[in-house]
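Worksheet: one structure, shown below.
The values are calculated or read from the model by the stated rules, or taken from the named source; none is laboratory data. Given the structure is predicted, the values throughout are model-derived calculations rather than measurements. All Cβ positions, glycine included, derive from the backbone under ideal geometry; neighbour counts span all protein chains shown.
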Amino acid sequence: MTHVAVVDLGYGDAGKGTVVDWLSSGAGPGGPVHAVVRFNGGAQAAHNVVTPDGRHHVFAQLGSGTFTAGVRTHLSRFMLVDPLALIAEVDHLAAVGVTDALERLTVDRRALLTTPYHAAANRAREVARGEARHGSCGMGVGETVAYALAHADDAPRAGDCGDPHTLRLKLARLRDRLAGELGPLPAPGVDACVEAFGAFAARVTLADDAYLGRLLRAGSVVFEGAQGVLLDEWHGFHPYTTWSTTTFANVDTLLAEAGAPGTAVRLGVLRTYATRHGPGPFVTEDASLTAALPDRHNGHGRWQGAFRVGHLDLVAVRYAIEACGGVDGLALTHLDVAAGRDDLRVCRAYDLGGRRAERLAPGPAGDLDRQAALTRCLFEARPVYGRMEAGAIETVANELDVPVVLGSNGPTVLDKRVLGRLLSRPVPA
Amino acid sequence: MGSGRWSTDVYDAAERYRAARGTSAFAYSDHGATTVHPGLNPFGVRARESRDSAEHPASLAIAVLFDVTGSMNMVPRVLQTKLPELLGLLLRKGYAAHPQILFGAIGDATCDRVPLQIGQFESDNRMDDDLARIVLEGGGGGQKTESYELAMYFMARHTSIDCLERHGRRGYLFMIGDEMPYPRVRAGEVRSIIGDRLSEHIAVEAIVAELTTRYDVYYILPEGTAHAGDRQVLDRWRGLLGQNVIQLDDLDAVCETVALTVGLGEDAIDLDEGLDHLREYGSGAGRSVSRALAAIGAGHGGGTNSLVPADRVLRL
């Protein structure tokens, strides 16, 4: 039995879904997987999984291991739960043959709820920002966090869904506060939300504080991160970040609370080239690559903006690895793309107005002024490119001094190749 | 990063949740189910099978059946949430290398709607799904008897287990409850609930004798239940199963107790090691488990299943 935590070392879209799918198939270091635990973000995640028989699903809230029979999903207290998006996802999964996803789902009662009021406020604010938009997905994830920070006791939580009276009070207060700030919001009435969320509570198991500990004792667990470390709320390039902790910090907290600190091996996921969906610094962006490598699962989002492609940026990846406290192994995806092209380069340093920088030192969590200054530097930085002489796998392993343990040549589990051993972490005495 | 691909109209969502198959993980019965789930129905079943496979060359059948009637109060619900840990515990502590676990539930054939529910032997977490589908009765008779004899009849005659049939080693059967069996397996109940035609009733002593040739059978009595510590209940089970009656004062330790018993039987551990594991878990059940299992540990000497190949004993 081995727990594995998976994060994306870029801006998202590296292939966490396909890696979690592979781990959940039982091929990983922990053997058969009991459950996938989500530990950050919300329904804006878009983790693509394709089965060998050609079925495709974009996992948003359900764990990307759901195609494997019996693998459960647990939404931890750090997850932002959107019951309206969830049922749409469940319905799609049923259409591709997975009919018991809700039966295999548990939700921590303390998890925050994302509601239509949060989404409406999110969109109203992004419209007001105009060209200076932050690249939000428009689903209200940031609003959910912001409201909970300001009004922790009034924030609707998953556990409230089973209590119509409390839920109605909380939703009405939420709607009134947001409308007071932003003007009337195009959102449905409170009663309609109470009914829908109540139906959610009747179909999904709401779990207490002790549940995760039991889950961890019951079998191997995969912690599935959302977004990417370079979008982290504290270590990302402010303000082009997500309102979510995308490093291993939440996993560390959950394991410690469950009495199993340090028991997950840490796997970083990386593409052989770089991508960024939405605005913000992207030093190695290359318009010719954006044109040449359109993403089959990402287009121009109305709220999020363009999908951009660039070269492998080892400076940024090194920064991500340091910012998340180190990784035990790497999963390198899109090897098939790299193998078919000779125009992919690798960035080993930045040119900052004549000064060469190979490393960006992470700062302490919480200093957003520092992160904003870093963002300004990155907008000015020019990439210093080299060729990928040794091939992507060796280049990455040598430059980053981290073993590449898994290679991905395509979207299904059959396209995965084990390249190294992801050792389990000893349980500290 | 994503794009918010999935969205539903709020007016639509409630209806879609209601229409969605499935219920919460422990809530087949919470959502009004009053009949046995098709996957757990013993009627017409030739045999529940525990089989070797390439992956599990030396399977070990372990069945856990618990009383789901009202006299047990919250016990079945706690068991439903605790028992999923059993497989992981057996494997992690090396108590068994290839366990295959079956969950089932015992009611009262004289008055319950769901007198017997029997899942499948599984070697991965699919048995949890069976657990979730168990209907909790909550009816319960007031006469200190439940249809344990019917469950024992099913396990004796309608299971086929490779550990016995290929390797000559009995499986393990645990019954968790707080009441006594009826004195006879009644032909009419067997016919209506399991589907077999018997020419006569079978005395419970006879079915126990038959069952114990196939399984090491244990009865676990959780304390704090309606009849816990009831001398009449304890004496009845001791008369049937001898020392294999375990009083458990901490229901949270039910998996540890089952796992420890298997570990002792498999000779994978001795009692002291097992009790260390319990303390490690922080269970207060050590004393009662120790008391209950001391006899078993001693009685087994080298273990009833003493022919454990070395490669099946994983020592941590």
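Observations on the structure shown:
- Of all residues assigned to region B:163-172, at least one qualifies as being modelled with pLDDT of 90 or more, crowded, with 23+ Cβ neighbours inside 10 Å and closer than 20 Å to residue B:246 by Cβ.
- Any hit, region A:193-205, residues being at the interface with chain B (Cβ under 9 Å from one of its Cβ atoms), among the basic types (Lys, Arg), surrounded by fewer than 22 Cβ atoms within 10 Å (Cβ to Cβ) and at negative phi: no
- Restricting attention to region A:168-210, the residues that are modelled with pLDDT under 90 and part of a helix (DSSP H, G or I) total 2.
- Of the strands (runs of 3 or more DSSP E) lying entirely inside region A:1-99, the ones with 2 or more residues being among the β-branched types (Val, Ile, Thr) and crowded, with 24+ Cβ neighbours inside 10 Å are found at A:3-8, A:33-38.
- From the list B:54, B:63, B:96, the one residue that fits, being surrounded by 24 or more Cβ atoms within 10 Å (Cβ to Cβ), more than 29 Å from residue B:179 (Cα to Cα) and either within 14 Å of chain A (Cβ to nearest Cβ) or of a type in the set (A, V, I, L, M, F, W, C) (or both), is B:96.
- Residue match in region A:328-351 (condition: among the aliphatic types (A, V, I, L, M), under 20 Å from residue A:292 (Cα atoms) and in contact with a His (Cβ under 8 Å, 6 or more places away or on another chain)): yes
- Flag if residue A:226 is in contact with a Ser or Thr (Cβ under 9 Å, 6 or more places away or on another chain), farther than 28 Å from residue A:365 by Cα and either facing another protein chain (nearest Cβ under 7 Å) or in contact (Cβ under 8 Å) with a residue 40 or more places away in the chain (or both): no
- Checking region A:287-295 against the condition returns no match, with no residue being closer than 27 Å to residue A:238 by Cα and either surrounded by 23 or more Cβ atoms within 10 Å (Cβ to Cβ) or at pLDDT 95 or above (or both).
- Segments classed as helices (runs of 4 or more DSSP H), wholly inside region B:75-136, with at least 1 members that are farther than 28 Å from residue B:269 by Cβ: B:75-82, B:127-133
- When the residues of region A:397-421 are filtered to those that are polar (S, T, N, Q) and not in a loop (DSSP other than H, G, I, E, B), the one that is nearest to residue A:4 (Cα to Cα) is A:408.
Residues checked against (1) modelled with pLDDT of 95 or more; (2) closer than 22 Å to residue A:119 by Cβ; (3) within 19 Å of the chain's Cα centre (by Cα):
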{"site": "A:45", "(1), (2), (3)": "no, yes, yes"}
{"site": "A:55", "(1), (2), (3)": "no, no, no"}
{"site": "A:64", "(1), (2), (3)": "yes, no, yes"}
{"site": "A:74", "(1), (2), (3)": "yes, no, yes"}
{"site": "A:89", "(1), (2), (3)": "no, yes, yes"}
{"site": "A:92", "(1), (2), (3)": "no, yes, no"}
{"site": "A:96", "(1), (2), (3)": "no, no, no"}
{"site": "A:103", "(1), (2), (3)": "no, no, no"}
{"site": "A:108", "(1), (2), (3)": "yes, yes, yes"}
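Conditions (1) over 26 Å from residue A:196 (Cα atoms); (2) in contact (Cβ under 8 Å) with a residue 60 or more places away in the chain; (3) not aliphatic (A, V, I, L, M), marked per residue:
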residue	(1), (2), (3)
A:24	yes, yes, yes
A:38	no, yes, yes
A:51	yes, yes, yes
A:57	no, no, yes
A:72	no, yes, yes
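- Taken over region B:99-136, the criterion of being out of contact with any Asp or Glu (no Cβ under 7 Å at 6 or more places or on another chain), surrounded by 21 or more Cβ atoms within 10 Å (Cβ to Cβ) and of a type in the set (Val, Ile, Thr) is satisfied by B:118, B:134, B:135.
- Residue match in region B:236-253 (condition: over 21 Å from the mean Cα position of the chain (by Cα), within 16 Å of residue B:89 (Cα to Cα) and either part of a helix (DSSP H, G or I) or modelled with pLDDT under 85 (or both)): no
- The one condition in (1) closer than 27 Å to residue A:419 by Cα; (2) assigned to a loop (DSSP other than H, G, I, E, B); (3) more than 14 Å from chain B (Cβ to nearest Cβ); (4) not polar (S, T, N, Q) that residue A:364 fails to fulfil: (1)
- Of all residues in region A:327-340, those that are on the phi > 0 side of the Ramachandran plot have Cβ atoms under 8 Å from Cβ atoms of residues that are in a loop (DSSP other than H, G, I, E, B), 6 or more apart or on another chain, in A:334/A:15; A:334/A:272; A:334/A:273.
- Of all residues in region A:368-389 being at pLDDT below 90 and out of contact with any helix residue (DSSP H, G or I) (no Cβ under 7 Å at 6 or more places or on another chain), the one that is surrounded by the fewest Cβ atoms within 10 Å (Cβ to Cβ): A:389
- Test: residue in region A:225-242 that is at pLDDT 95 or above and either assigned to a strand (DSSP E or B) or β-branched (Val, Ile, Thr) (or both): yes
- Residues within region A:326-351 that are surrounded by 17 or more Cβ atoms within 10 Å (Cβ to Cβ) and of a type in the set (Lys, Arg), tallied: 2
- Among the residues making up region A:242-270, those that are crowded, with 24+ Cβ neighbours inside 10 Å and within 14 Å of chain B (Cβ to nearest Cβ) are A:242, A:244, A:246, A:269.
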